[in-house]
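Encoded as structure tokens, the structure appears first; notes follow it.
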Amino acid sequence: MILHLYFARRFAMTFLLITAVLFALVMLVDAVEQARKFGSYDIGWQKIMGLTLLNAPQTINLILPLIMILATVTLFISLARSSEMVVTRAAGRSALRSLISPVVVALIIGFMAVGMLNPIVAATGNRYLQLSESYRAGGASALSISDEGLWLRQGSASGQTVIRAWRSNADASVLFDVTFLSYDNANGPVRRIEAGSAALQDGEWSLRNAKSWPLTAGQNAEANAETFETLVIPSSLTLDRIRESIGKPGAVSIYDLPTFIRQLEQAGFSPRRHKVWLQTEIARPFFLVAMVLVASAFTMRHTRFGGTGVAVLASVLLGFGLYFIRSFAQILGENGQIPVMLAAWAPPVAAILLALGLLLHAEDG
């Protein structure tokens, strides 16, 4: 038990150290990128650093499998160089038993990534999008889906417009039973429009069967209402931006994802991408375990045998290959080519079995 705790502490400290180093590197690179993207908007270094901090958790979450591989490689190479692994094996402890502690730590880190890091990434990612849109357009554009339908907000220098639709077509290009509520920056709500449908194209909303009520103080809204067979309203939104907001599962916390999937179905959108993402996130701890097993399969040997650099390179390349296969399976699942459960769970299970096969081959010859 003492040896298990020793390996677990060494692995956890190595993981935290590599995470800190990569976090600093990510901050440096992303700060330069944010300065390049927003250099023409003259927003100052404080806001650029704020955007960098908001974007950093998403990058760390993305490279977590790489961090796990590097931590495992560093741990076992250091144990091999100090001959601690040789002593452990000489005491009768097999390679698989020596891996119990790193695997348990990897599982704990994986569950923490799903239960804690995932909501943080969702919150910081949404805030990053809101601030970046605000800096670019002078007014934030946002999207929300709830039991009351689909909600959009478009902004400009003159004011904001809140859009509510009960449903939409599959690609979000047409909204049905839609309401537009326009706000002036100084005077509050100024106009309400209800329409049977609204289509977004070429930077404007094309409304059909619309009725407009002025909301100016002192006017009878119904008496001054107007009806239009077709009405055009300028928009700062684009179809790509709306689809990206709807289709980005990472923008929704894993705790809210089941409810969001149900709301997507009610609004008329396909929730398949979000279902695949939900299952992939649940399977993430086991994929991190697979990364530990893959890296250990190449590095659990004494350094006197040589070829340490080749072994490290092979483990990293195999890890990248498994990550690519996981991403490819996820895309196939999102497109409906394979079932959701197969797309999410087949890559980590296959990776664990592959790594166990390599370990057993190295252990028993």
Pick from the range 47-72, criterion β-branched (Val, Ile, Thr) and at pLDDT 90 or above, ranking: farthest from the chain's Cα centre (by Cα): Thr72
From the options Thr161, Thr227, Thr238, residue that is of a type in the set (S, T, N, Q), more than 25 Å from Glu133 (Cβ to Cβ) and out of contact with any Asp or Glu (no Cβ under 6 Å at 6 or more places or on another chain): Thr227
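Part of a helix (DSSP H, G or I) and either of a type in the set (Val, Ile, Thr) or touching a residue at least 60 places away in the same chain (Cβ under 8 Å) (or both), is that true of Phe286? I'd like the intermediate steps shown before the answer.
Values: part of a helix (DSSP H, G or I): yes; either of a type in the set (Val, Ile, Thr) or touching a residue at least 60 places away in the same chain (Cβ under 8 Å) (or both): yes.
Yes: the conditions hold for Phe286.
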Could you tell me which residue of the range 24-38 is nearest to Ile60 (Cα to Cα), considering only residues that are charged (D, E, K, R) and surrounded by fewer than 18 Cβ atoms within 10 Å (Cβ to Cβ)? Glu33
Scan the range 44-59 for residues that are more than 15 Å from Arg127 (Cβ to Cβ) and crowded, with 19+ Cβ neighbours inside 10 Å and report the count. 0
With the requirement that a residue be loosely packed, with under 12 Cβ neighbours inside 10 Å and more than 20 Å from the chain's Cα centre (by Cα), what does the range 318-352 give you? Gln337
Answer yes or no: is there a residue in the range 117-131 that is modelled with pLDDT of 65 or more and assigned to a strand (DSSP E or B). no
State all residues of the range 185-205 that are open to solvent by less than 90 Å² (accessible area, probe 1.4 Å), part of a loop (DSSP other than H, G, I, E, B) and either touching a strand residue (DSSP E or B) at 6+ places or on another chain (Cβ under 6 Å) or at positive phi (or both); if no residue qualifies, say none. Gly203
Let me confirm something: among Ile67, Ile43, Ile77, which residue is in contact (Cβ under 8 Å) with a residue 24 or more places away in the chain and not in a helix (DSSP H, G or I)? Ile43
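The values are calculated or read from the model by the stated rules, or taken from the named source; none is laboratory data. Since we're looking at a predicted model, the values are computed, not measured. Reconstructed Cβ throughout: ideal geometry from the backbone, glycine too, with neighbour counts over all protein chains shown. Heads up: the accessible areas ignore ligands, DNA and RNA and are worked out on the full protein's heavy atoms, side chains in. Shrake-Rupley method; radii C 1.70, N 1.55, O 1.52, S 1.80 Å.
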